[in-house]
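The values are calculated or read from the model by the stated rules, or taken from the named source; none is laboratory data. As the structure is a computational prediction, the values presented were derived from the model and not from experiment. Every residue, glycine among them, receives a Cβ derived from its backbone with ideal geometry; neighbour counts consider all protein chains shown.
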Amino acid sequence: MKTSIHTLEVWGDLACFTRPELKVERFSYPVITPSAARAVFEAIYWKKTFWWQVTRIEMLKPPRYIALRRNETKDKVPAGSISRWMKGLEAPAPIFTDGDKALLGTDQRGRTQRQTMALKDVAYRLHARMMPWPEYEDSLTCMEVQFKRRAGNGQCFSQPYMGCREFPAYFRLVDPVREPSSPHPVEMDMGLMLYDVFDLGKKGSWDDKPSISLFYARMHAGTLDIPEYASSDVLKCVEGEVM
């Protein structure tokens, strides 16, 4: 089924697209990942009737790193506890990051400092198309019109972000024909890059456990072409092994 390519220009002051092999001390890829790009489109418009296939990423500014040291909590609140708090079934029990032993019950503080190698002053052009599920193909035109209206008006369901929620992303809808892009002329072989954390080809995969996929990322003249998720160029995790 033929679908249109939609283009967004996104930018932000800071960004961090964490390499998965560096879990605690975050280190960003030099460019936005397909999963982060997909999340930008979904923040503007998404329904369970389709999913976004990112097709191309253009880097408009050269990658520049900045070292950040942030305070982070050592623990996290279980999702089940949050649900019970919302329903009033039990009193909220916040995580205290600072305090004395009488408050915390221990000499160990609830926070720790971690290093982040983030990007600063980033800008990209993201290209993606809607992939409707078979039973909703007749609604594709209507869904595309809704996306264009929302993106053109600057509307979004949630604030898009550059990898981390504390790094907001700003966006505008672009017509590539009227506004041709000028990517930063850079050549990069980035090796294996995270493609996504969900099984995009499976309906309802957002309700399942994460399914990691990777692809070999080569940027030519500031442009990173993204293979189709169903392509053999995308390495998918099957029962704990990358296939």
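For Ala36, the criteria (1) part of a loop (DSSP other than H, G, I, E, B); (2) in contact (Cβ under 8 Å) with a residue 40 or more places away in the chain hold in every case but one, which is (1). Answer yes or no as to whether Gly99 is of a type in the set (Gly, Ala, Ser), surrounded by 12 or more Cβ atoms within 10 Å (Cβ to Cβ), modelled with pLDDT of 95 or more and farther than 30 Å from Thr141 by Cα. For Gly99, the condition - of a type in the set (Gly, Ala, Ser), surrounded by 12 or more Cβ atoms within 10 Å (Cβ to Cβ), modelled with pLDDT of 95 or more and farther than 30 Å from Thr141 by Cα - is not met.
State whether the residues of segment 61-76 include one that is buried (at least 18 other Cβ atoms within 10 Å of the Cβ) and in contact with a His (Cβ under 6 Å, 6 or more places away or on another chain). Within segment 61-76, none of the residues are buried (at least 18 other Cβ atoms within 10 Å of the Cβ) and in contact with a His (Cβ under 6 Å, 6 or more places away or on another chain). Among the candidates Leu200, Leu224, the residue that is of a type in the set (A, V, I, L, M, F, W, C), modelled with pLDDT under 95 and crowded, with 19+ Cβ neighbours inside 10 Å is uniquely Leu200. Quick one: is Asp189 touching a Pro at 6+ places or on another chain (Cβ under 8 Å) and either acidic (Asp, Glu) or over 20 Å from Thr33 (Cβ atoms) (or both)? Here the answer is no, as Asp189 does not meet what is asked.
Of the residues making up segment 177-189, those that are of a type outside the set (D, E, K, R) and either more than 23 Å from the chain's Cα centre (by Cα) or at pLDDT 90 or above (or both) are Val177, Pro180, Ser182, Pro183, His184, Pro185, Val186, Met188. In this structure, is Lys148 over 14 Å from Ile57 (Cα atoms) and at pLDDT 95 or above? Against the criterion (over 14 Å from Ile57 (Cα atoms) and at pLDDT 95 or above), Lys148 qualifies. Total residues in segment 1-20 satisfying the condition of being under 17 Å from the mean Cα position of the chain (by Cα) and not in a strand (DSSP E or B): the figure is 4. Per the conditions (1) exposed (fewer than 11 other Cβ atoms within 10 Å of the Cβ); (2) touching a residue at least 12 places away in the same chain (Cβ under 8 Å); (3) not hydrophobic (A, V, I, L, M, F, W, C), the sole criterion not satisfied by Asn153 is (2).
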